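Engineer: Input: one structure, supplied below.
The values are calculated or read from the model by the stated rules, or taken from the named source; none is laboratory data. No experiment lies behind these values; they were computed from the predicted model shown. Using ideal geometry, Cβ is built from the backbone for each residue, glycine included, and neighbour counts are taken over all protein chains shown. What goes into the accessible areas is simple: the full protein's heavy atoms, side chains included, and nothing from ligands, DNA or RNA. Shrake-Rupley method; radii C 1.70, N 1.55, O 1.52, S 1.80 Å.
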Amino acid sequence: MDVDVLVVGGGPAGLSAALILGRCRRNVLLCDDQQQRNRASQEIHGLLGSNGRSPEQFLRDAREELAGNGTVLIRRSRVTKVDPSGGGFAFVCADGTGGIAAKVLLATGLVDELPQLVGVEAFYGISVHHCLYCDGYEYAGKRLAAYGKGDKGADLAVMMKHWVKDVVCCSDGTEVSGEAINRLRQHGIGLRRERIRSLEGAKGALARINFESGSHLACSGMFFSTGCRQASHLSEHLGCKRDVKGGVITDPVTEETSVPGVYVAGDVSRDVLLVAVALGEGAKAAVAINKAFLRREGLCE
Ligand SMILES: Cc1cc2nc3c(=O)[nH]c(=O)nc-3n(C[C@H](O)[C@H](O)[C@H](O)COP(=O)(O)OP(=O)(O)OC[C@H]3O[C@@H](n4cnc5c(N)ncnc54)[C@H](O)[C@@H]3O)c2cc1C
């Protein structure tokens, strides 16, 4: 199958790019294996016009909107290989689809590393979170735990004081530096150093953190600072340059990577990790890709 653009990833960034490219009447194949980063969450926050809508509903509506566009094809499949070939890119998908794309947009997102805590999956996205900008607002007046090993939990706890007054730092059996302990004290933040045995609550709502010491901490939610990694190896395989955080480096105007013809949008660049930004970057990359085609066609400078 030959296409103008292969969009890899169908989260907000990839779908937004496909929408604009479709409206430019470019032939687009969007492949997505539907592991969007926020799929554990029940509500998207901080997205103008869509605040509180579930990620599932948001993506379903977006896919339906795209279905009416005759030049955009969406496949539920993982792209396993992309290689430069004759001025374009040869690609292969897990479902056997293959072909040549003139341009490639990687909107493949990130994968979060969850804290290794018993029971965490039941609470993740509902009362256990990583992003204060996404979910901090909802906890005003409640007690929150800040989870992180070493000084990471303390750094997070101090920042959390902007959103809530009652914060307790949990270092899960790891050492915290004297400097970090002083900062916690200055901000009136308690420190629990014990190893965590389990998380407890009902219907996704965290109620307490149980420690191996036998004691517990009652709290309404927990934010963690662990880390995240690229969800796809494709940018690395293609040789796209990355920054120290592992984000793919892009041209700030076009979202093009160090590999000509390969663009990225959304969390892949590890810029601001929000749906609104992913949508914007997708649109920005799509416009830049269309402009590159227009130049090739002699229709713009
Ligand atoms: C629990 C949680 C809650 C969040 N809450 C909010 C919130 O309230 N508000 C907010 O603004 N942001 C929130 N975020 C952040 C938000 O989810 C991301 O910023 C956003 O999803 C980024 O969009 P994206 O399109 O770049 O990546 P994603 O949404 O992660 O989509 C990437 C897609 O690419 C697919 N993919 C990857 N590799 C391949 C491949 N090789 N072939 C085919 N498909 C592939 C993945 O399966 C996935 O479907 C939250 C994140 C998490 C983890």
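Engineer: Looking at (1) assigned by TED's automatic domain parsing to the domain that holds Lys291; (2) open to solvent by 40 Å² or more (accessible area, probe 1.4 Å), find the lone condition where His130 falls short.
Structural biologist: It fails just one condition, (1).
Engineer: Then there is this: Those residues that are surrounded by 15 or more Cβ atoms within 10 Å (Cβ to Cβ) and within 9 Å of the ligand (Cβ to nearest atom), I need them from the range 82-110; list them, please.
Structural biologist: Listed by number, the residues that qualify are Val82, Cys93, Leu106, Ala107, Thr108, Gly109, Leu110.
Engineer: Looking at the range 119-147, which of its residues are part of a loop (DSSP other than H, G, I, E, B) and either among the aliphatic types (A, V, I, L, M) or on the phi > 0 side of the Ramachandran plot (or both)?
Structural biologist: Gly119, Gly125, Ile126, Ala140, Gly141
Engineer: Would you confirm, using the coordinates I've provided, whether Arg25 is more than 11 Å from the ligand (Cβ to nearest atom) and farther than 30 Å from His130 by Cβ?
Structural biologist: yes
Engineer: What about Val248, is it closer than 17 Å to Asp112 by Cβ, in contact with a helix residue (DSSP H, G or I) (Cβ under 6 Å, 6 or more places away or on another chain), within 13 Å of the ligand (Cβ to nearest atom) and of a type in the set (Val, Ile, Thr)?
Structural biologist: no
Engineer: Now a separate question. When you check Met159 against the structure, is it closer than 22 Å to His45 by Cβ and assigned to a helix (DSSP H, G or I), yes or no?
Structural biologist: yes
Residues are listed down the side, and each one gets a yes or a no for (1) under 29 Å from Val111 (Cα atoms); (2) outside the structural domain of Ala157 (by TED's automatic domain parsing); (3) at pLDDT 95 or above; (4) loosely packed, with under 15 Cβ neighbours inside 10 Å:
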position	(1), (2), (3), (4)
Cys170	yes, no, yes, no
Gly173	yes, no, yes, yes
Leu191	yes, no, yes, no
Glu194	yes, no, yes, no
Arg197	yes, no, yes, no
Ser215	no, no, yes, yes
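Engineer: Taking the range 111-127 as the search range and keeping residues that are aliphatic (A, V, I, L, M) and open to solvent by 10 Å² or more (accessible area, probe 1.4 Å), which one is farthest from the ligand (Cβ to nearest atom)?
Structural biologist: Ranking the candidates gives Val118 first.
Engineer: Still on this structure, I have one more. Quick one: in the range 251-301, of everything that is within 11 Å of the ligand (Cβ to nearest atom) and in a loop (DSSP other than H, G, I, E, B), which residue is surrounded by the most Cβ atoms within 10 Å (Cβ to Cβ)?
Structural biologist: Going through the qualifying residues, I end up with Ala265.
Engineer: Please state which one of Gln42, Gln57, Gln36 is open to solvent by 20 Å² or more (accessible area, probe 1.4 Å), within 14 Å of the ligand (Cβ to nearest atom) and in contact with a Pro (Cβ under 7 Å, 6 or more places away or on another chain).
Structural biologist: None of the other options fit; the residue is Gln36.
Engineer: Here's a follow-up. Is it true that Gly14 is under 17 Å from Ala265 (Cα atoms) and within 11 Å of the ligand (Cβ to nearest atom)?
Structural biologist: yes
Engineer: Might you let me know whether the range 209-228 holds any residue that is among the charged types (D, E, K, R) and within 16 Å of the ligand (Cβ to nearest atom)?
Structural biologist: no
Engineer: Also, I was wondering about something else. Considering only residues of the range 250-267 that are at pLDDT below 95 and not charged (D, E, K, R), which is nearest to Ala122 (Cα to Cα)?
Structural biologist: So the residue we want is Thr250.
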